[in-house]
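Beneath this line is the structure, given in structure tokens, with notes to follow.
Derivation of every value follows stated rules applied to the coordinates shown; laboratory data play no part. Nothing here was measured: the structure is a model prediction, and the numbers come from that model. Backbone-built Cβ (ideal geometry, glycine too); neighbour counts: all protein chains shown.
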Amino acid sequence: MDIKQNIANFLSAYKRSKKVSAAELAEELEISRSVLQDYLAGRCNPRADTIEHMAKKLNVSPAALVSGGLISPTEYDLIFVLLGTLDSFRGLSRDQQHEVIDLFIRLLHLLNNDT
């Protein structure tokens, strides 16, 4: 699977989990609806700065957005809440928190592949 498809999968899962329309998601991401439709269909790759912008708007790391199907946006939110109960996690910057979440997801993925 390529990055275009990963982003399409993530955005589709996000749209479903938040129960928003394409127009609402496009507005949330501050992009045009036609561009969002292209991303959802996997027809084009967003630029790196666009990926960073969308990730920030969705409150996920860029790595989570481009990984596509490792976890759903809802699972990402749950991991954020779970790790947020740790004092040391809450003391990190937003970027550091996203990095910890990405590492946690990779660890879960590795553990699932070993079983």
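What to note about this one:
- Remark: region 23-28, residue by residue, has Karplus-estimated 3J(HN,Hα) of 5, 5, 5, 4, 5, 4 Hz, where x stands for each Gly or Pro and the curve is 6.51 cos²θ - 1.76 cosθ + 1.60 at θ = phi - 60°.
- Only Lys, Arg, Asp and Glu carry charge here, each on its Cβ (+1 for the first two, -1 for the last two); on that basis region 3-114 has a dipole of about 340 debye about its Cα centre.
- The chain - mean residue ellipticity at 222 nm from DSSP helices (-39,500 (n - 2.57) per run, n ≥ 4, rounded to 500): -22000 deg cm²/dmol
- The residues packed around ARG16, meaning those with a beta-carbon under 15 Å from its beta-carbon, carry a net charge of -1 if Lys and Arg are +1 and Asp and Glu are -1.
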